[in-house]
Every structure is written in structure tokens, then in C-alpha cells.
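These notes are about the structure you will find just below.
The values are calculated or read from the model by the stated rules, or taken from the named source; none is laboratory data. Bear in mind that the values here come from a model prediction, so they are computed numbers and not experimental data. So basically every Cβ, Gly included, is an ideal-geometry build from the backbone, and we count neighbours across all protein chains shown. Remember, those area values only see protein heavy atoms, side chains included, never the ligands or the DNA or RNA. Shrake-Rupley method; radii C 1.70, N 1.55, O 1.52, S 1.80 Å.
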Amino acid sequence: MKKFDSFKKAFSQKSSEYEGDSGENKYRYILTGVIVIVIIISVIVSVGVGIKNRFDERILKPGEVDFSSEHTPVFIDDDSMEVYYESGLFAPAVVEDFTSLKVGDIIYMGPVANLVKNNFPAFTTANEIEGSYLLSFGAWESLEEDFYSAGVSSIDNTTYIAYEVVDAAIKEYFEIDEAPLHIETVTQFGEFTADNAKQAYKAASTGYETSLIPRVSNVVSEKVTTLGSDGVTEQITTNVTLEIDCINSADQEYYELENGEYPQAERKIVLSIRVDPDGSYKFTAIAEVSDQPAEVQEGETE
């Protein structure tokens, strides 16, 4: 009771002081109270927004990630920050000499192998390709190509692939203005699950025993010479057509290591590639190849 009486006395004293204050002091008290209330409300709102954003499960469209200094992806380590922000959104100069390929060559690694591994459907323009194929391609390319390593890291034994590098890998090899909308789960080859809090895909921790790999059955190339913007410098664009047997990797391993049978194609495609003057290239089309024997030409009968 003594504590209550003391509190009551102190309160009465402050009230008396307030009543005796001038109008200016009363105004100061009221203003201070309003400011305190505004600050408290702002803190509550900020915490609420933070919690909402943390648990927001919406799939964000590419380009909505803020590249300003306020946005620092947690999966980018300090050593890679300069590369990440000064690389021009990842634009590697990819140089591959497709014209040196020979019939029977196996393409084990690289974008062509990645394309075949994901079993891309036939297309005449990149806009026809279902988004999940492109996203799977971009995720695998980011994992396998060192240039994109700034956007790939491991946190608590989980591999994360930044949306930015997935988008960049897609744009690097396909004529497409905007990468496809990120979806919650990509399962074309393996599985990648979206984590919007980290703006990245989580890669599966398990490996894959077999996949389709490309075996070259024919190579045709055509060079086209044009003049550069200065009207003097010659620029050479090469249009390459690769005829590819898509074979099972386990069959190829059996053939190479255990003297097994020559692998038969599970699928045959024609891949069109445009190699630009700077050495970078784009996949421009895929066509299916029928199993019709070569000696039976169109319009003829056996």
C-alpha cells in the first residue's frame, strides 16, 4: 500500500505541475506524446511488413529484384560481390568451335549437353519453349559454368542458385527478351524448388545416374559476312546445324568401359545455332528427325 501511495502522490504532483504550467509547456507535453505514439505505430507497422515479406510465398517475376546497395543477396560471398555487380548482369564471352566437331563425337559438358540433358522440345523460336525447360536449363548452366558461381552458394548444406543467374544463363543462349516467370518447382531434369525469401532456387542434394547426352551425327556450317556499324569492319556470323543422336549416358559408359554395344539414339534432333562475331552464340531452333531410312527420299516408295 505504501508503494501505491507513493505512486499516487508522485502522479498528483506531476498533475499539479502540469496544471500550473504555461500554455507553451502544455503544448510541448502534448506534442511529445504525439511523437512517441507515432514512433510506436511506425515500429509496429515495420515489424508487421517484415514478417509479411518473410513469409510471402508469391513467385516473383524476373527483374523485381532490387540491385541497389540495399539489396545484398545472402548467398553471394564478399569475394564475389565485385564480379556480381560489375559483370553487366553476367555476359560471358562463350567461344566454342562447333565446326571442328566430327561425326561420332560425344559432347559431355557445356550448353549443348545441357540442352539435350533437359530433353528440350522442338521449337522455331525461343518464345515457343515452355518456361520450365528454360528454367531448368538456366539452373543447370549456373551450377556447371564457373562464370555464374557468384550466384551459387551453399547454406546449411543446401545449394542455392540465384534467380538472377538463372535468368542470365537463359538470355545468354536463347533469343528471348525476358526470362520466364519463376515457378515453385522445376522438374524437367532433377528438381529445383523456389525460395523467394532468398530469391533463389534450392537444388536437390541427390545425384542423377543417367541422362541423355549428344552424339554428333553431322555438322553443317555457313558463314555470313556483314559490315559493322562503322561500314568498314567485316563481321562474320556462322550458322551451324548440328545433327545429334541423343543417347543414354549409361549405354555410352557401358560401350566405352566394358566393350558393350554401340549406343542407339533414343531421339534424333537437328539443332540450329547462330555464332555471332564476338564468339557468343544462340540456340535458334530444334527440329525432330524421323527414323525414316536415308535411302527412302520424300516422294519415293520402297
Can you bin every Cα-Cα distance in segment 113-214 into 10 Å intervals starting at zero and give me the percent of pairs per bin, rounded to whole numbers? 16, 52, 29, 3, 0
To the nearest Å², the heavy-atom accessible area per residue of segment 107-230 with 1.4 Å probe amounts to 44
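Step through the table entries K117/K198; K202/K282; K117/K282, compare each Cα-Cα distance with 19 Å, and write down the pairs that go over it.
K117/K198; K202/K282, as the Cα separations exceed 19 Å there.
Provide the net charge surrounding I236, with neighbours chosen by a C-beta distance below 15 Å and charges set as Lys +1, Arg +1, Asp -1, Glu -1.
-3
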Restricting to DSSP loop positions (anything but H, G, I, E, B) with no more than 15 other Cβ atoms inside 10 Å of their own Cβ, which chymotrypsin sites (Phe, Trp or Tyr not before Pro) remain in segment 129-230? Y208
Cα gyration tensor shape for segment 161-226, rounded if a/c is under 1.5, else prolate or oblate: oblate
Binned Cα-Cα distance frequencies in segment 144-302 - 10 Å width, integer %: 8, 23, 29, 25, 11, 2, 0
In the neighborhood of A169, defined by Cβ-to-Cβ distances under 9 Å, what is the net charge if each Lys or Arg adds +1 and each Asp or Glu adds -1? -3
Could you check what % of the DSSP bridge pairs in segment 174-287 are antiparallel, to the nearest 5? 95
For segment 198-244, Rg(Cα) over 2.2 N^0.38 Å is 2.14
